[in-house]
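The values are calculated or read from the model by the stated rules, or taken from the named source; none is laboratory data. Just so it is clear, the structure is predicted and the values come from calculations on it, not from any experiment. No Cβ is skipped: glycine too gets one built from the backbone with ideal geometry, and neighbour counts run over all protein chains shown. Just so you know, the surface numbers come from the protein's heavy atoms only, side chains and all, with ligands and any DNA or RNA stripped out. Shrake-Rupley method; radii C 1.70, N 1.55, O 1.52, S 1.80 Å.
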Amino acid sequence: MTGPRLGRLVHLFSLIAAAVVLLIAEPSRLQAQTYPREGSLELGGGGFWIGGSDAGAATAQETQNQTGTTGSITLFESSARLGSAFGVGGRIGFNLTQSIAFEGEFIYSRPPVLVSITNDFENAPDISLEGSSLHQYFIDGGVVFHLTTLRFNDGGLPFLSASFGYLRQLTDDRQSIESGQVYQLGGGFKQLVSPHFGVRVDVRAGIRKGGFAFDEGGRRAFFVLGGSGFVVF
């Protein structure tokens, strides 16, 4: 084969190879540039760390029965706290526009109940006990604001989120059931790693109203850290 003909073949194969590379890379590049795509659906799931929260306090008292005395004496004081716990969850989201998405989420966790007993009437030492864990469910819906002007790269961007939902807590024997509401504000970032798959990290501050507690106190704060993967349709 002569040199000029060999050179033309090498040039032709080079053009074909370049075209194949462009055909493979272009859809990925275009999708990443337009992520999140308006009207697209996202399904995801992952793991979460849910921080502990206060569960109120109570005082055990006894009415004095001595002649000529009134009132009561304190036998001991107790306080409770829900310990931190890892959970698993799933999420579905719809990208209304590049900047706004609506999401629904479900998270299940098993926080332990931690009880402290102090100020014993007979001067017994203070003690801390760990009771059984609760079955805890968060089911909520909310909105996500994609910060498209602060992109990390073509397929990655930060976001802010706000959600409101339902709280349900059950004891191990299912004999006691508590319910309430959860409110969460947070943010994080998303990163596509392929045209249809991405990863996400969340950091949130949450408030629960209702649920397990020793008293009728109001809102109780907690934190959530989450990492998940998602599929884009």
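Brief remarks on what is shown
- Flag if Leu170 is open to solvent by 10 Å² or more (accessible area, probe 1.4 Å), without any contact (Cβ under 8 Å) to a residue 60 or more places away in the chain, of a type in the set (A, V, I, L, M, F, W, C) and farther than 28 Å from Ile100 by Cβ: yes
- When the range 113-134 is limited to residues that are in contact with a Leu (Cβ under 9 Å, 6 or more places away or on another chain) and either of a type in the set (Val, Ile, Thr) or surrounded by 16 or more Cβ atoms within 10 Å (Cβ to Cβ) (or both), the one that is modelled with the lowest pLDDT turns out to be Ile117.
- Residues in the range 141-155 that are under 17 Å from Leu41 (Cα atoms) and not aliphatic (A, V, I, L, M): Gly141, Gly142, Phe145, His146, Gly155.
- Which listed residue is part of a strand (DSSP E or B) and under 18 Å from Gly87 (Cα atoms), from Phe230, Phe145: Phe230
- Test for Ser163: is it open to solvent by less than 40 Å² (accessible area, probe 1.4 Å), in contact with a Lys or Arg (Cβ under 9 Å, 6 or more places away or on another chain) and at pLDDT below 90: no
- All conditions but one from (1) assigned to a strand (DSSP E or B); (2) among the acidic types (Asp, Glu); (3) open to solvent by 70 Å² or more (accessible area, probe 1.4 Å) apply to Asp202; the one that does not is (3).
The rows are residues; the columns are (1) at pLDDT 80 or above; (2) open to solvent by 70 Å² or more (accessible area, probe 1.4 Å).
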site	(1), (2)
Thr59	no, yes
Asn65	no, yes
Leu75	no, no
Ser79	no, no
Arg91	yes, no
Asn95	yes, no
